[in-house]
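Novice: Here you go, one structure.
The values are calculated or read from the model by the stated rules, or taken from the named source; none is laboratory data. These numbers come from a predicted model, not from an experiment. Ideal geometry is used to build each Cβ from the backbone, glycine not excepted, and the neighbour counts take in all protein chains shown. SASA here: full protein model, heavy atoms, side chains in, ligands and nucleic acids out. Shrake-Rupley method; radii C 1.70, N 1.55, O 1.52, S 1.80 Å.
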Amino acid sequence: MDLLEAHGHWLPRAAFERRRQFFIDGEHGMYNQEREQVNALDAMANNPAMSNMMSSQMAMIVPQILTMGIVNYFFSGFVILRVPFPLTSPFKAMLQQGIQLSDLNVAYVSSLSWYFLNLFGLRGILDIILSDGNAADDSKLLKQQMGQAGGQPGMPQDMPKIFAAEKENLVLVAHDWKVAGVADRLVAGRPRVASASASAPTAKHAADAAVAAAGAGSDSSKPKPRRRFARRS
Amino acid sequence: MSVSPVPSPVAVARATPSAANCMAALAHIRRHELALPADTVAMARVVLPTLSSAANDQWDVLEQVAVAALQTNEMVLASQCIRRLAKKFRDSDRVRILIAMKHEAEGDVQVAVEMYREIIEAKPNSPMAYKRLVAAHKGAGDLTAAANTLATYLETYMTDAEAWAELAELALENGNYGRAAFCYEELILLEPYNYIHHLLYAEVMYTVGTPEKLDIALAYFAQAVELSPHGSPRALTGLLMAAARLGGASSTAAASSAEGPNPAALFKLARDKLRLLYTADAPQMLDSFETMISGLSGSAQ
């Protein structure tokens, strides 16, 4: 994933080390710098999409509560029908809301419960009848939510953790200069596919040479603050 | 230009410049980012009088024609296009960039630079303005400023390979080989299978010319030869020169076979391959090539 990890083997040892140091070196390394933690709640509060969703939800909930109050006031307290089959007592909570009679047969349904049963049970049918041909709204909404859950917009990632993992990977990379074996391969006239076996014996030699070059250049091994660009004149 | 039996829309429009053909050609030029400003302006003269406001791509066409007109010094046409765009998009950075480009074309580079700076200050995430700013500096001959602006741009957009290549060229113009080498290293990281990057990196290393850099140059010239489809002549020449500098040209060195990359063997390889190429493609140059080879061998001894 990391570019340096994946393709760093194409660079000379000194150049690779210079880039590695840029990321992991001491306090100045890219992955070692202190970063302010982003509070998840703050991020959510600052996210306009999130607050939009909240306010639209509120607009739905307030009328719902009002309707519930009215329904509760007018419809509670009487039995409206009797289902033509026997039911067990756990259904009491579902079918006899608003009536506090412990002895009443469960087959009798209170008005309030009937209201709720119809409200939720007939929603699909009502949607088909009442809506203007967009009965698929629910599934659309669901899809939208699924998509959001995947992408997590505005949710802050835990960067320190990611950086720590990346740093560990980078520290562990053993630089294997891929260009080292090319010259020999070229002279021997061997094709490129045999690179694994062909480059093995010369890799060590090249690495030694590169280390020597780095030492002579005195440019890569000193732990000093580094910029993205070497500003030399 | 195209290999396919279907003629390119540009060729069709050149042959029969009808409005429909010209629209198709302009779309083709836009999609493939072809540099044909003269053709674009000629087609615009056919298309613009009848450009319907219902066409989906009318604004794209206007922007394209404006840029092409500026490139060919058709200031009246450019002003027309920019005015129509500015009327529709009042507060657009793209239109502002076009206006700045007009200033550039008229020679008021300083005004254009100020405009680009303002756009960048207001919206630091506008790569187009950055690139225009670099181009304006470069056009005005201020290569240091161009390179520094491009470096700032690359701190944000560090995967933009073309920008790295441009910065490398600017650094070479400035004689800043360290920075150029850094850019080519980044390019190798981004596109490790493009032999051009390896080749140019090797050339920078060869130019710097300290012993350890020459070793690296030799390795990367070899790499470029291997990666290029038929052994690029430029890479082979580089290999030849680098091997000669490392003492591969002398006849005494040819006998000793040290471990690792062997300059003598590489010199011989590059010489033979180049000789074949010269014999096949440019026999009249073969004599001067042989003179150069004997000169290299002579100077090494």
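Novice: Exactly one condition in (1) under 30 Å from B:ALA180 (Cα atoms); (2) modelled with pLDDT under 75; (3) among the hydrophobic types (A, V, I, L, M, F, W, C) is not met by A:ALA14; state its number.
Specialist: (2)
Novice: Now for a different question. (1) away from chain A (no Cβ under 11 Å); (2) closer than 22 Å to A:PRO12 by Cα; (3) modelled with pLDDT of 90 or more: which one isn't true of B:PRO233, the others all being true?
Specialist: So the condition that B:PRO233 fails would be (2).
Novice: Something else: In the stretch B:236-268, what count of residues is obtained for those that are closer than 16 Å to B:PHE289 by Cα and at pLDDT below 85?
Specialist: Qualifying residue count, the stretch B:236-268: 1.
Novice: Test of understanding: among B:ALA161, B:ALA168, B:ALA146, which residue is crowded, with 21+ Cβ neighbours inside 10 Å and either acidic (Asp, Glu) or within 12 Å of chain A (Cβ to nearest Cβ) (or both)?
Specialist: Testing whether each residue is crowded, with 21+ Cβ neighbours inside 10 Å and either acidic (Asp, Glu) or within 12 Å of chain A (Cβ to nearest Cβ) (or both) leaves just B:ALA168.
Novice: Give me the residue from the stretch B:171-209 that is in a loop (DSSP other than H, G, I, E, B) and touching a Lys or Arg at 6+ places or on another chain (Cβ under 9 Å) and, out of that set, farthest from the other protein chains (Cβ to nearest Cβ).
Specialist: Applying the filter and picking the extreme gives B:GLY209.
Novice: Given A:MET44, A:MET60, A:MET53, A:MET94, which one is more than 23 Å from A:ASN118 (Cα to Cα), open to solvent by 80 Å² or more (accessible area, probe 1.4 Å), within 41 Å of the chain's Cα centre (by Cα) and at pLDDT below 85?
Specialist: A:MET53
Novice: Within the stretch A:63-79, track down each residue that is β-branched (Val, Ile, Thr) and open to solvent by less than 80 Å² (accessible area, probe 1.4 Å).
Specialist: Passing the criteria: A:THR67, A:VAL71, A:VAL79.
Novice: Please give the helices (runs of 4 or more DSSP H) falling wholly within the stretch A:46-121 in which 3 or more residues are of a type outside the set (A, V, I, L, M, F, W, C).
Specialist: Counting at least 3 such residues, we get A:48-75, A:111-121.
Novice: In addition: Just checking: which of the helices (runs of 4 or more DSSP H) contained wholly in the stretch B:27-95 hold 2 or more residues that are within 16 Å of B:PRO17 (Cα to Cα) and open to solvent by 60 Å² or more (accessible area, probe 1.4 Å)?
Specialist: Output list reads B:37-47.
Novice: Step by step: first the residues of the stretch A:158-190, then only those that are in a helix (DSSP H, G or I) and within 13 Å of chain B (Cβ to nearest Cβ), then the one that is nearest to A:ASN32 (Cα to Cα). Which residue is that?
Specialist: Restricting to residues being in a helix (DSSP H, G or I) and within 13 Å of chain B (Cβ to nearest Cβ), the top hit is A:VAL182.
Novice: Within the stretch B:196-228, can you find the residues that are surrounded by fewer than 22 Cβ atoms within 10 Å (Cβ to Cβ) and of a type in the set (Ser, Thr, Tyr)?
Specialist: B:TYR206, B:THR207, B:THR210, B:SER228
Novice: Which condition number does B:GLU212 fail, the rest of (1) within 10 Å of chain A (Cβ to nearest Cβ); (2) modelled with pLDDT under 90; (3) in a helix (DSSP H, G or I); (4) more than 18 Å from A:ALA15 (Cα to Cα) being met?
Specialist: (4) is the only condition that B:GLU212 fails.
Novice: Also: From B:GLY248, B:GLY238, B:GLY231, grab the single residue that is surrounded by 24 or more Cβ atoms within 10 Å (Cβ to Cβ) and not in a helix (DSSP H, G or I).
Specialist: Matching residue, one of B:GLY248, B:GLY238, B:GLY231: B:GLY248.
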